[in-house]
1. For the pair residue B:315/residue B:156, report the inter-label distance in nm, with labels modelled 7 Å from Cα in the Cβ direction.
2. Would you mind checking the radius of gyration and Dmax of region B:228-347 based on alpha-carbon positions, in Å?
3. Express the carbon and sulfur contribution to the solvent-accessible surface of the protein assembly as shown as a percent, rounded to the nearest whole number, probe 1.4 angstrom.
4. Accessible area per residue of region A:62-127 at 1.4 Å probe, in Å²?
5. If you line up the long axis of helix B:375-394 against the longest principal axis of chain B, both from Cα atoms, how many degrees apart are they, to the nearest 10?
6. Could you tell me which of the pairs B:113/B:201; A:139/B:231; B:113/B:373; A:150/A:184; A:34/B:231; B:231/B:301 are separated by over 29 angstrom between their Cα atoms in the structure shown?
7. If I take R0 = 30 Å and measure r between the Cβ atoms of residue A:61 and residue A:21 in this structure, what FRET efficiency does the formula 1/(1 + (r/R0)^6) give, to the nearest 0.05?
8. Hey, what's the Kirkwood Rh for chain A if you take every pair of different alpha carbons, in angstrom?
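The values are calculated or read from the model by the stated rules, or taken from the named source; none is laboratory data. All figures in this text were calculated on a predicted structure; none of them were measured in a lab. Cβ placement follows ideal geometry from the backbone for every residue including glycine, while neighbour counts extend to all protein chains displayed. When the accessible area is computed, the model is the full protein with side chains, heavy atoms only, and any ligands, DNA or RNA have been set aside. Shrake-Rupley method; radii C 1.70, N 1.55, O 1.52, S 1.80 Å.
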Amino acid sequence: MTKKASDNSSIYHGVIAEFSTSDDLIHAVNESRKKGYVQMDAYSPFPVHGLSEALGHRPSNLLVAVFCGGLIGALTGFGLQYYLSVIAYPYNVGGRPFNSWVSFIPIIFELAVLFAAFTAVFGMIGRNGLPRPYHPVFKVDRFEGVTRDKFFLCVEADSGEFDAKKCQAFLEGLGSSYVEIIEK
Amino acid sequence: MNPRPKRKTVDPSVRDAAEIYDDRSSYADVADRISGLVLSPTRRGWIIGFIGAVAMLALLKYSLYRLFNDGIGIWGINVPVGWGFAIINFVWWVGIGHAGTFISAILLLLHQKWRTSINRFAEAMTLFAVACAGLFPLLHVGRPDRAYWLFPYPNTMDIWPQFRSPLLWDVFAVSTYATVSFLFWFVGLIPDLACMRDRAKNQVVKTIYAVISLGWRGSARHWERYEKAYKVLAGLAAPLVISVHTIVGFDFAVSVIPGWHATIFPPYFVAGAIFSGFAMVVTLSIPIRKIYRLEGYITDKHMDNMAKVMLVTGMIVTYGYAMEAFMGWYSASQYEGFMIWNRMTGPYAPFYWALIACNAIIPQLLWSPKLRKNMLVLFIISLVVNTGMWLERFIIVVTSLHRDYLPSSWGMYTPTVWDWTTYIGSIGLFLFLTLMFIRIMPIIAISELQHLAHERKHNRIDHDQESIR
């Protein structure tokens with residue numbers, strides 16, 4: 001059984017089905033899950049709420065990373081200013097303490113925001129596996145509609161007991177207007 | 001199966017949005033229309049604007065050539081007014097650069113859905129305004145080739161920047177702001193660049209969009225992270241916007257010059273920044289929506305809302321002027337009192353009263369709903385406000401410096417022709433970048449508009465079902 005599945009997943013990326021509305025897409029996702037398909041991804045022109053949950057994707061932990069990024073930024077900001085003003089280049093300005101932390105706050109804040117923003121953007125891009133100019137789904141000509149008004153469900157080949165023909169018939173039965181088997 | 005649909009609460013801002021967007025347009029219409037603006041032949045209005053912008057840009061280049069060749073002595077700055085046009089223009093441009101992120105971030109967090117059709121364009125405007133702003137301190141340091149000395153880096157001179165100075169805070173604030181604004185703008189653009197890639201017919205154009213869209217394919221997993229990243233960026237950008245102009249306000253307020261040393265400066269600078277930023281968005285969006293016939297997306301309701309924001313922030317700024325005058329008297333400080341009296345009746349008094357007329361009196365016309373709907377009037381008011389905000393910075397910088405504590409060090413400031421050409425040239429740079437952006441990028445957020453249409457459709461279905469029950 002495992003041999004057969006691995007054979008399939010070495011030839012096929014999966015089967016992709018096109019839908020015209022987000023409701024049809026969510027319906028198809030739910031039916032496919034009932035059928036036992038596990039590895040799936042859905043594609044849409046804009047974020048569809050509830051889609052990620054329906055697909056059974058675990059929510060990302062991006063926000064934790066952003067918080068850590070911000071914290072590192074703040075510590076960097078304070079560390080930089082403390083080291084330079086107290087240790088590397090102590091300079092007496094009107095008798096103020098070298099560690100005049102109150103006047104360090106603006107730069108601490110700016111660096112916290114900067115690091116958090118970098119974490120958010122590069123975390124999002126990196127965890128999404130982008131930039132990736134080539135992907136099997138791009139082989140489907142009609143996939144261009146994904147940025148216009150079409151919704152796609154792709155059941156991937158490493159998804160349980162995958163049989164490309166059966167899966168195609170199943171997705172056609174869900175009211176998809178177009179189904180295509182994608183090779184790797 | 002339970003046939004009764006769950007009762008959903010309808011977000012009132014989504015309902016309001018219904019009157020902002022053309023209800024009949026489908027997802028495909030939005031995608032085709034906005035991408036079509038870029039993929040169709042160049043419009044005549046654009047070409048005319050571009051020729052003007054390039055001419056002004058040439059003026060900037062020549063002015064910079066003269067500046068680098070002869071030094072900043074060609075400007076009118078001297079003791080006691082060492083902060084002339086360079087700082088006035090810096091503050092003016094940074095202020096204009098506040099509306100984009102305000103519209104994008106703060107209005108997003110406040111669920112103001114109407115922002116969707118102007119945010120992309122306002123963000124781009126922000127970036128270009130900040131670029132123009134950044135130019136001026138670099139020129140003003142006199143040795144632009146050594147501008148990197150502003151940053152803390154290990155060097156053979158074994159010296160480090162002074163972290164207790166607001167001027168250094170400014171370096172960090174403006175560079176962080178420029179970076180985060182760029183990231184915010186770019187993240188918003190990614191799905192729309194993918195849309196451009198899929199719509200483009202020309203293979204070269206398609207490849208360029210494919211590369212800069214990072215191969216976006218609209219995967220559900222990607223959208224989930226994308227939305228989180230976008231929201232958190234908005235959350236980060238919102239206090240950042242406030243902090244940047246606060247710190248620009250500190251540049252003045254932390255000094256001990258009468259006319260600068262005032263606690264009201266940071267909030268009043270932030271309000272002034274949003275005031276001038278919205279004025280600039282209005283100035284640019286009126287011709288753009290006319291040339292590209294975008295009245296269905298950037299509607300009269302948008303212009304009306306922006307006019308209201310201008311009215312409110314204009315009155316906050318007016319409160320600032322009143323407080324400056326009041327504190328001149330109430331502080332009982334001889335120097336503060338002289339400063340405000342000198343502003344009102346001294347050699348620069350006409351500029352002061354012009355500023356009051358532009359920022360405090362003329363914007364009061366915006367109380368009238370009829371005038372807010374008249375695009376010609378609104379356009380003129382937005383230009384008046386931009387002028388007024390420039391005069392405000394002129395008054396703050398010049399009148400505070402030209403009368404020092406000791407009459408022996410009093411002087412006058414007169415800008416030279418090179419001050420003017422550099423200033424006009426920077427407007428050329430701004431227009432050039434804006435027009436380039438309009439030509440090659442989707443100026444309205446496609447996927448966000450589609451998302452809004454989707455939300456609205458679903459809410460309406462819920463409504464219908466509720467009424468059937």
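1. So the two model labels end up 6.1 nm from each other.
2. My reading of the Cα-based Rg and Dmax gives 18.7, 57 Å.
3. 65 percent
4. 52 Å²
5. Orientation of helix B:375-394: about 40 degrees from the principal axis.
6. B:113/B:201; A:139/B:231; A:34/B:231
7. It comes out at approximately 0.45.
8. Averaging 1/r across every pair of different Cα atoms and inverting gives 19.9 Å.
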